[in-house]
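Below: one structure, written as structure tokens.
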């Protein structure tokens with residue numbers, strides 16, 4: 001069965017068009033009064049201190065790494081789930097092996113404290 | 001050519017419908033939360049406040065769109081658009097009712113009937129994260145950066161749980177197409193209990209619901225916008241229509257997960273026939289009814305539960321939901337093979 005993706009492309013054009021038009025419209029009808037204090041970064045009314053774009057906590061990075069591992073796993077499971085009816089016991093054993101391997105890595109990450117916040 | 005115009009009409013109806021429903025969602029939320037707190041809620045604009053969403057929209061449109069001096073201008077302006085577009089594009093694959101025939105032409109109630117609809121939806125929701133992180137980084141504001149980091153870490157964590165919780169329903173349907181998933185839920189158990197996935201997949205359903213709330217940054221998992229500590233999170237610096245786009249995206253995402261929950265676990269547009277109502281409209285009515293249950297549940301949670309702590313949020317996802325989701329897949333596989 002051929003799948004047509006072009007309706008999504010058309011939808012994208014319409015949505016992007018809407019976003020662009022409404023932003024332009026807002027630019028047109030809204031006032032624009034420049035003011036030094038207004039252009040300052042908002043920091044609860046206090047003078048901004050230093051930069052915001054700086055080094056952040058390593059744990060966000062760990063989460064991103066874990067995400068890659070487990071989301072790729074989920075992606076592997078999707079086609080498996082679709083054809084599961086046809087591959088039966090063989091598929092189940094294969095997937096148990098796959099998940100056991102992953103759970104090993106998962107337990108390692110847990111014990112090393114990667115999941116603690 | 002006729003095909004093109006039918007699709008165009010479908011897109012325009014869907015687009016208008018989603019935006020209108022989303023606008024009234026804000027009204028509905030304020031009313032529900034108000035009632036739960038013994039208040040009245042908006043009631044001044046139009047009869048019983050029904051013009052409130054329109055007034056809000058006009059107000060946001062006429063507010064100054066404004067870029068802070070230290071912000072990265074391109075990233076800052078692009079971010080709301082990047083959050084908004086994928087939120088709406090997801091709707092292209094959601095079926096609203098059974099196919100019907102008009103003038104001898106078969107029309108399906110879905111814009112793009114693709115075979116990998118579920119993966120497409122998850123992919124689109126991942127793209128939405130870019131909007132958030134760009135908004136935070138581009139604003140060059142400490143609250144915004146923190147909100148964006150928290151939000152993206154939360155969204156990607158729960159995306160894993162969300163993706164895994166849906167696998168059980170895919171195994172039952174043997175397809176990633178949302179229409180096929182609905183068709184697999186036709187019929188009844190013991191004569192009267194509908195054959196919806198929520199019964200065999202109750203664990204998956206609970207996991208999905210929890211991670212969907214975290215995925216859309218809603219209370220009690222609304223840490224990215226925790227107003228008591230982060231003011232507003234990643235969209236602190238946005239005003240006017242840039243802010244409106246983030247708002248639109250957030251509420252449309254709420255609608256999206258409600259739609260996925262209805263399709264994957266509550267049988268989508270399946271439902272008993274309502275007398276004197278043609279089948280396609282009947283389907284749409286059931287679909288919307290099921291979605292509104294989830295929407296109401298969102299508001300109910302918001303006015304009931306306090307916010308989680310961030311460490312609780314993360315360990316709930318990685319230490320509880322992830323193993324449970326994997327276990328659910330294994331059990332589903334074994335049950336499907338041997339029972």
If a residue must be at the interface with chain A (Cβ under 7 Å from one of its Cβ atoms), modelled with pLDDT under 85 and under 23 Å from the mean Cα position of the chain (by Cα), how many such residues does the range B:51-93 contain?
1
Expected single match for surrounded by fewer than 24 Cβ atoms within 10 Å (Cβ to Cβ), within 12 Å of chain A (Cβ to nearest Cβ) and in a helix (DSSP H, G or I) among B:288, B:316 is B:316
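If the requirement is being in contact with a strand residue (DSSP E or B) (Cβ under 8 Å, 6 or more places away or on another chain) and surrounded by 20 or more Cβ atoms within 10 Å (Cβ to Cβ), which of these qualifies: B:267, B:242, B:233?
The unique qualifying residue is B:267.
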Within the range A:67-84, count every residue that is closer than 28 Å to residue B:147 by Cβ and either at the interface with chain B (Cβ under 7 Å from one of its Cβ atoms) or exposed (fewer than 13 other Cβ atoms within 10 Å of the Cβ) (or both).
6
In the range A:12-37, which residues are part of a helix (DSSP H, G or I) and within 7 Å of chain B (Cβ to nearest Cβ)?
A:12, A:14, A:15, A:16, A:19, A:22, A:23, A:25, A:26, A:27, A:29
Residues (within 11 Å of another protein chain (Cβ to nearest Cβ) and out of contact with any helix residue (DSSP H, G or I) (no Cβ under 6 Å at 6 or more places or on another chain)) located in the range B:120-138:
B:123, B:126, B:137
Odd one out for residue A:69 among (1) at negative phi; (2) without any contact (Cβ under 8 Å) to a residue 12 or more places away in the chain
(2)
Only one of A:91, A:9, A:45 that is more than 7 Å from every other protein chain (Cβ to nearest Cβ), outside any helix (DSSP H, G or I) and free of Cβ contacts under 8 Å to residues at least 60 places away in the same chain
A:45
Only one of (1) out of contact with any helix residue (DSSP H, G or I) (no Cβ under 8 Å at 6 or more places or on another chain); (2) farther than 26 Å from residue B:301 by Cβ fails for residue B:45. Which number is that?
(1)
Would you confirm whether or not the range B:308-320 contains a residue that is within 18 Å of residue B:186 (Cβ to Cβ) and free of Cβ contacts under 8 Å to residues at least 12 places away in the same chain?
no
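The values are calculated or read from the model by the stated rules, or taken from the named source; none is laboratory data. None of these values were measured; they are calculated from a predicted model. All Cβ positions, even for glycine, are placed from backbone atoms using ideal geometry, and neighbour counts span all protein chains on display.
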